[in-house]
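Written below as structure tokens is the structure these notes are about.
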């Protein structure tokens, strides 16, 4: 490998060790669209989901006692206080699934599936991302699926569900990227900060030739395959086309809108110091949130699903050595305080992410990225011990370009599902109207007030 | 649509009462399928019922297979970049339904292909480039030949054997043509682009299997199946040129790929060591040992090195069961003896570990100087696989033993019975704030949660097995008192109610149970075919495999051979016309 190419793929350790700031200005300028930031430009809307595993100790620890704009943070929501006016607390929503459990709760998280017919449908993030790709100013990356590696799912259920919340049109789980460094590399296809524009363009042109060739071969193959093989092969075709789109966009010089990310740098407040293996969780999550902020700032994508933790996560930063699932189950003496500490930490990390997004000015030069984004944040179950799917703990952060008036606590009481909320969000993001979504969305939510 | 596994769906039906979950077949876990399990005779196995070879849709290479394939062929010294970890089904990473492809895979494939081709041009580690004609001077014919040869090897079948789906080669040769779509590029860039495309092509990433109308796979499909099973890598020239439709030839190749040399100098083929590692790693969950942690205050002696030695002991033990036909030092052992054998080999560190509590070397079953395991003495508290530190550790918890995990491991790995996850709201009935600092044994603690009928249905199957293993702590040391200082009562019972006292009795009882053999066949077949053996008729298929392997007396070699020579491996269910 040449020196340039070695820089091209920054090492994971260098990244986690703080060298993420190698994202230097010249590179980002070179990638930035030539169109300058236009005063008055309309910022794009973005959909993010933030999942954490195994719910909360008890809804009473979570739910604020007052409604409207004057709610006060509960015990578990205390860390949210500085961002209180950018977040909507939604109480009383139901997650779908099939009985009170983890596996189906995770499968249902973004799909609204009830699995009654043994099937799972496309997730809402994919519906929204597909619709964005049909628009003229589409972002280069269809969507991103991110989250630290969970190697311990197997004892707990079906890994296809537990490790993924995004599902394609045929209900296939979309593998998430578990390495923040890879996710970062992907944003700019490993283009080197030292490479000049012509070098990047030449490289991307050859890459495009490679993808064109395999796309051509794959497309003709696809028509010749038997039914069973073809169903699986569609994953390959879709993936090739997504990567081609991204390569084309970068070859052409950057993100999809008139946004400049020339001011982009790793957001402040990170503690990406190298820690021994086992204590990497916080560093990894910080690295992921930085990548997400960068992806939005440079308008490389507008849809991200993030799985922060899993049942198999070990909360080493808090000194807990057993699986989180173990903490949330059964009558071990000190489980509840540990569980509270963990959820408080999750809310803290979420709040810090919102602060990152709120610190970045959007293309209009006035609002923040967060103001034009909606972040759906919840878990697959509510009470970690009961596994119930009703009375879910839900935060909805951001303003979605003025459509959401954040800072409220809203109670739902008509059996509204996540899927009803997703229909409302999708409608407000330009997705053609749906009469239903998944097995549980029927359009019960008409407004957020 | 993404199919939901039958097993997990079955789990949902478990509310109160029944606890079913025979892996793949839905048989009741509480009782053996038929006959008397204690007799262990093959006559009690359901036999002769109808089955089909099964359908394995298009399968992509696993991360491990991809890695080995480029390394073995191109001699690449590069680390594999960025490929995500593969999912697992039934414990194995080779099961098709867990092998998705997404854009992050494609990006990783492209990155790897660029690096590998650059390396080939720069250092040519396997001497491939040096045999090429001069493509810069010789024109299209030369470059086309290079591309064709490269693709033939990469795609694991001759260009004229692609049948109805065609070889697609012209798309790739067009890239190198001086008058083609990349005419403006240098000859080097054209060739690099073509070779990268070949490595990203679905023909490389996936294993295309071609079959005739009756479902008979062609020899190249079988070659890849065999090679990825035994070597986790692509077939070599000898395998690709053999006629594997002839069972005699298939068996010859099957043996050639395992052992080289004759008599006492015979040894395992290096690439076959991958099977000898990968299969037990995934079957027995040994791959959890690297990176496994234990609370340092409770187990100060536990270390990554010790965990590695534990895994090595079991891998070595497993490889002894494979055996080599004509090497007297490596006899084939009957598979059921895996639970009762008294031999093995451990490192000095692991020997110390076993003996740190056991006392004398003889009592802890180690010939102290050599590290040779000898469990023939009656005083030895250990026997066979089950009591190896690796197994007792992967089924333990951070600070204590976990009898439920142990019981589940035995049922799932050795009996192929999979108790479903807890019925969700059952846990609500446990006192949430109860301060459980009582000095009571695991037995007393678990007895409490078996009072609840909705828990008891399944825990009655798992807990009594795990409790019978309480004499081994969470890092596999023998003990007579538990974490609470209570004397251990190692009375246990199998799901059918038969009682046993301690691990040695349990191991003997399981070794005599006919389900052990059929479970091992099922695990091998799952790994080999790449599908969960859960289709209609698969119970009959497993029974027929067991019978052709020799039933109770089969060796690991017999079992693997039976799978490889079976219809499930050499055919697929014919598609409806």
- Note on the structure: Pseudo-spin-label distance residue B:186 to residue A:248, built 7 Å along Cα→Cβ, given in nm, is 2.9 nm
- Message: Using the basic label-point model (7 angstrom from Cα toward the beta carbon), what is the residue A:344 to residue B:128 distance in nanometres?
- Response: 5.7 nm
- Per-residue Cβ contact counts at 10 Å, fewest first, order B:269, B:101, B:249 as B:249, B:269, B:101
- Message: For a Förster distance of 41 Å, can you work out the FRET efficiency between the beta-carbons of residue B:260 and residue A:227, rounded to the nearest 0.05?
- Response: 0.45
- Item | Relative contact order for the range B:149-285, counting Cα pairs under 8 Å that sit 6 or more residues apart, in percent | 17 percent
- Would you mind pulling out the separation of the Cα centroids of the range A:65-89 and the range B:463-536, in Å? 51 Å
- Tilt relative to chain B, helix B:453-467 - C-alpha long axis, 0 to 90 degrees, to 10: 90 degrees
- Note on the structure: Taking the reciprocal of mean 1/r across every pair of different Cα atoms in the range B:438-478, the Kirkwood radius in Å is 11.0 Å
- Item | Viscosity 1.002 mPa s, 20 °C: Kirkwood-radius Stokes-Einstein D of chain B over Cα pairs, µm²/s | 82 µm²/s
- Kindly identify the range B:491-567 as rounded, prolate or oblate by the Cα gyration tensor criterion: order the square roots of the eigenvalues as a ≥ b ≥ c, call it rounded if a/c is under 1.5, otherwise compare a/b with b/c, prolate if a/b is larger, else oblate. prolate
- Could you list A:381, A:59, A:369 in order of exposure, starting from the residue whose Cβ has the fewest other Cβ atoms within 10 Å? A:59, A:369, A:381
- Task: Using only Cα atoms, tell me the angle between helix B:304-322 and the longest principal axis of chain B; keep it within 0 to 90° and round to the nearest 10.
- Result: 80 degrees
- The residues A:307, A:434, sorted from fewest to most surrounding Cβ atoms within 10 Å, come out as A:434, A:307
- Binned Cα-Cα distance frequencies in the range B:219-375 - 10 Å width, integer %: 10, 29, 32, 17, 9, 2, 0
- Item | Crossing angle, helix B:514-529 versus chain B [Cα axis fit, 0-90 degrees, rounded to tens] | 20 degrees
- Item | Inter-label distance, nm, simple model (7 Å from Cα along the C-beta direction), residue B:575/residue A:116 | 3.4 nm
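Readers should treat all values here as calculations from the given coordinates under stated rules, not as data from a laboratory. Here the structure is a predicted model, which is why all the values come from computation and not from measurement. Using ideal geometry, Cβ is built from the backbone for each residue, glycine included, and neighbour counts are taken over all protein chains shown.
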